[in-house]
Amino acid sequence: MKTIDLRSDTVTKPTDEMIEAIVRAHKEDRFGDDVIGEDTVVHELQDKAAKILGKEAALLVTSGTQGNVVSLLAQAKPGEEVVVEERSHSYIHEAGAMASLGGLYPKPVKGDRGYITPETLKSAISIDNPHYAKTTMVIQENTHNASGGAIIGPEQFDALADVAHENGLAVHCDGARLFNAAVALDIPAKRLVERSDSVMVCLSKGLSAPVGSIVAGTEDFIYKAHRARKRLGGGMRQAGLIAAPGIVALESMVERLREDHENTQLLYSQLSRIPDLIVEEPETNILFIRLDNLKINSMELETELKKRNILVYGDPHFGTRTRLVVHRMVSKEDILHFANEMEDILGG
Ligand SMILES: Cc1ncc(COP(=O)(O)O)c(C=O)c1O
C-alpha cells in the first residue's frame, strides 16, 4: 500500500531525467573538483541560476540552511543585528546558526502573513547609539512557510527593500520556495528579488532535486559567500553529481509546481467539508489545518494517520496547527483518499 507523505516537499525523490543527467555528465567527463573550480556542470548550474534570478553570480550550497547562513556571514559582522520575522525559518528552524556561527543578534518582529511591512522594519531598526547593536540586515521569507506558503508580492518586497536600503541595511530573501510564488503570480522569479541583495533558492523542495540550494547576488557578494561556504565546510569536490539534477530542476520542474498548487486547492475544498475542522486558505503548496474545535491534538492526529499509511508532522512549534505540504509525489487520488481518512478519524 502506498504511503502518502504530506510532511514536506523535501521528501520528493529525483526524477528519471535527473538521474539520466548525472549519467550523461559522467559519460561526457564533466565532473571535476569544484573546490578548485573544475566541475563544469556546477558552473553551468550557477550561471543558469544567476540568470534566472536576475543576479550577477550564483553559488551552489549544500542546503537552504547553509545558503541562508552563508548569506548572513557574507554581509553582516559579529555583534550586528538582523531583523527576522518571528516565525521564519532562519529564526526558528536553523538551530540558532546566525548567533552561534555568525555572532549575529536576531531581532524578531511580527509579520503580516509573514511579510515584514516597511513600518515594522522602520520601527525595528535600532537607533545609532553605542547602547544598541547596529542593525545591518533584514531577511524576508518568500513564500512564508509558517503562514501557509504565503506569497510576498513584488511591490511588497520592493517597499520593504526601499526602507532597508534607505537605512543602510542589506536585504536577504529566503526563497526556499520562491518559484512557488513566481508560478502562482505568473511572473519571473527574478522580479520577486529585483531589489534583494542576496537570495537563496532550494532545488530540493518542490523542484525535486535530491540535494542543493543556490545563493545569488553581486559578484562581490558571491566572492564573500564562497569564503563563508568554505568556513562552513560546504566546499564540495565532484559536485556536478548534485548540479546535474539541479539544472533539470530549474529547466523542467518550475512550471510543474502549478499542479501542486491546484492539488492544494483540491485538498482545501475536500477538507473544508469536515465539520469543526479549521482549514486555512492556501496560496501555494502549503496548507494548515487547526484542531482547536476537535477532541484530538496534532500529535494524536499524526499517530492516527500513520496507522493508515499517511505521514504528517505534528510540529509542536505550530501549536494546534498541522502543516500539510503538497508535492510531486502526492496525486489527486491521494488527496481524495486522505480527505476520506480525515473524515473518518474526525467524525465528519
Ligand atoms: C523557508 C525555508 N527556508 C529554509 C529552509 C532550509 O532548507 P534545508 O532544509 O535545505 O536546509 C527551509 C526548509 O524546509 C524552509 O522551509
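The values are calculated or read from the model by the stated rules, or taken from the named source; none is laboratory data. Remember, predicted model here, so these are calculated numbers, not experimental data. Cβ atoms come from the backbone with ideal geometry, glycine included; neighbour counts cover every protein chain shown.
Tabulated data
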| quantity | calculated |
| --- | --- |
| Unique match (being in contact with a helix residue (DSSP H, G or I) (Cβ under 8 Å, 6 or more places away or on another chain) and closer than 24 Å to F221 by Cα) among S100, S88, S63 | S88 |
| Qualifying residue in region 42-51 (condition: among the polar types (S, T, N, Q) and in the same structural domain as T218 (by TED's automatic domain parsing)) | yes |
| Among residues of region 113-156, those that are within 16 Å of the ligand (Cβ to nearest atom), touching a Ser or Thr at 6+ places or on another chain (Cβ under 7 Å) and hydrophobic (A, V, I, L, M, F, W, C), counted | 3 |
| Cβ-Cβ under 8 Å pairs, at least 6 apart or on other chains, region 107-127 side assigned by TED's automatic domain parsing to the domain that holds L160 and without any contact (Cβ under 8 Å) to a residue 60 or more places away in the chain, far side among the basic types (K, R) and part of a loop (DSSP other than H, G, I, E, B) | G111/R87; G114/R87; T120/K110; S126/K134 |
| Hey, M98 touching a residue at least 40 places away in the same chain (Cβ under 8 Å) and not assigned by TED's automatic domain parsing to the domain that holds I286 or not | no |
| Any hit, region 138-148, residues being part of a loop (DSSP other than H, G, I, E, B) and among the hydrophobic types (A, V, I, L, M, F, W, C) | no |
| Hits in region 1-42 - residues which are closer than 25 Å to G233 by Cβ, of a type in the set (S, T, Y) and away from the ligand (no atom under 16 Å from the Cβ) | T40 |
| Options G206, G246, G233: the member that is surrounded by 24 or more Cβ atoms within 10 Å (Cβ to Cβ), assigned to a loop (DSSP other than H, G, I, E, B), modelled with pLDDT of 95 or more and within 15 Å of the ligand (Cβ to nearest atom) | G206 |
| Scan of region 58-74 for residues that are surrounded by 24 or more Cβ atoms within 10 Å (Cβ to Cβ) and within 8 Å of the ligand (Cβ to nearest atom), ordered by number | G64, G67, N68 |
| Scan of region 157-182 for residues that are of a type in the set (A, V, I, L, M), within 12 Å of the ligand (Cβ to nearest atom) and touching a strand residue (DSSP E or B) at 6+ places or on another chain (Cβ under 6 Å), ordered by number | A176, L178 |
| Residues that are within 22 Å of V138 (Cβ to Cβ) and part of a helix (DSSP H, G or I), drawn from region 41-73 | L53, G64, T65, Q66, G67, N68, V69, V70, S71, L72, L73 |
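Each row is one residue, and each column tells you yes or no for (1) aromatic (F, W, Y); (2) over 30 Å from Y313 (Cβ atoms); (3) exposed (fewer than 15 other Cβ atoms within 10 Å of the Cβ).
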{"position": "D5", "(1), (2), (3)": "no, no, no"}
{"position": "T12", "(1), (2), (3)": "no, no, no"}
{"position": "T15", "(1), (2), (3)": "no, no, no"}
{"position": "F31", "(1), (2), (3)": "yes, yes, no"}
{"position": "K48", "(1), (2), (3)": "no, yes, no"}
{"position": "E56", "(1), (2), (3)": "no, yes, yes"}
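Residue-by-condition table, conditions (1) within 16 Å of G64 (Cβ to Cβ); (2) in a loop (DSSP other than H, G, I, E, B):
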residue: V82; (1), (2): no, no
residue: Y91; (1), (2): yes, no
residue: E94; (1), (2): yes, yes
residue: G103; (1), (2): no, yes
residue: E119; (1), (2): no, no
residue: K122; (1), (2): no, no
residue: I127; (1), (2): no, yes
